[in-house]
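The values are calculated or read from the model by the stated rules, or taken from the named source; none is laboratory data. What you see is a predicted model, and the numbers here were worked out from it, not measured in a lab. Reconstructed Cβ throughout: ideal geometry from the backbone, glycine too, with neighbour counts over all protein chains shown. All accessible areas refer to the heavy atoms of the entire protein, side chains included, with ligands and DNA or RNA removed. Shrake-Rupley method; radii C 1.70, N 1.55, O 1.52, S 1.80 Å.
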Amino acid sequence: MRVYVPLTLPGLAEAHRTGELGTEPLVAYAVTPALREWYLSDDIEELEYAALNRAALASLRLLAADPDAPRRRVVVAVEVPDGAAMPDPDRGLDPAALGEVRVTGPVPLAKAAAVHVDAADAEDDVAAAVTALPAADDGDDDAQFVVDGAEDHELLWYATQEIPALVGLV
């Protein structure tokens, strides 16, 4: 099963150093029944893109918690065994948890299929989105517009062999 793990560049550097993505249970995003219902598509590529975007939003939240991290969203696409990623039943109806899964067991960085990272030209919009998150969460439409502005930037695709160069950005 493919899952999308939200990170920051320092988080990616830590995963590169340790060889593992975070600690158990790891929060990630995947094509879940709730995401399928919300997105209304049967196209698996579109659904995986939606899960990637949900992880990118979660990466914004990680950036909000780490003021020293470069303002670039990071998402690692990784393969985990079927059954290792499950939606949290207590958050099944929470719109903020669409596509969210908990991954049990270690998640080796070696299982990563790709890394998705913002380009340098997205940093100002990502920084503004991070600042606007609390107001957007409180229902401020103007702040939500700023948060959505970060989504105007497509995450760039990187092969796993490029991770050392990416962590050099930290």
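Observations, loosely collected:
- With a Förster radius of 22 Å applied to the C-beta separation of residue 157 and residue 104, the computed FRET efficiency comes to 0.20.
- Of the complete DSSP H runs in the chain, those spanning 27 angstrom or more by Cα along the long axis with a mean Kyte-Doolittle score not below -0.5 are 44-65.
- Shown here: region 50-121, whose C-alpha atoms stretch 37, 31, 21 Å along the first, second and third principal axes, sorted largest to smallest.
- Surface accessible to a 1.4 Å probe, per residue, for the residues of region 1-129, Å²: 48
- Local electrostatic count, residue 32, Cβ distance below 13 Å [Lys/Arg +1, Asp/Glu -1]: 0
- With every protein chain in place, region 1-96: carbon and sulfur % of accessible area (1.4 Å): 54
- Region 93-170: Rg to Rh, with Rh as the Kirkwood radius over Cα pairs: 1.05
- Computed over region 1-81, the range of Cα coordinates on each principal axis works out to 39, 26, 19 Å, biggest value leading.
- Reciprocal mean inverse distance between Cα atoms of the chain - Kirkwood radius, Å: 16.1
- Residue-by-residue Karplus 3J(HN,Hα) for region 67-72, coefficients 6.51, -1.76, 1.60, Hz, glycine and proline x: x, 8, 6, x, 7, 9
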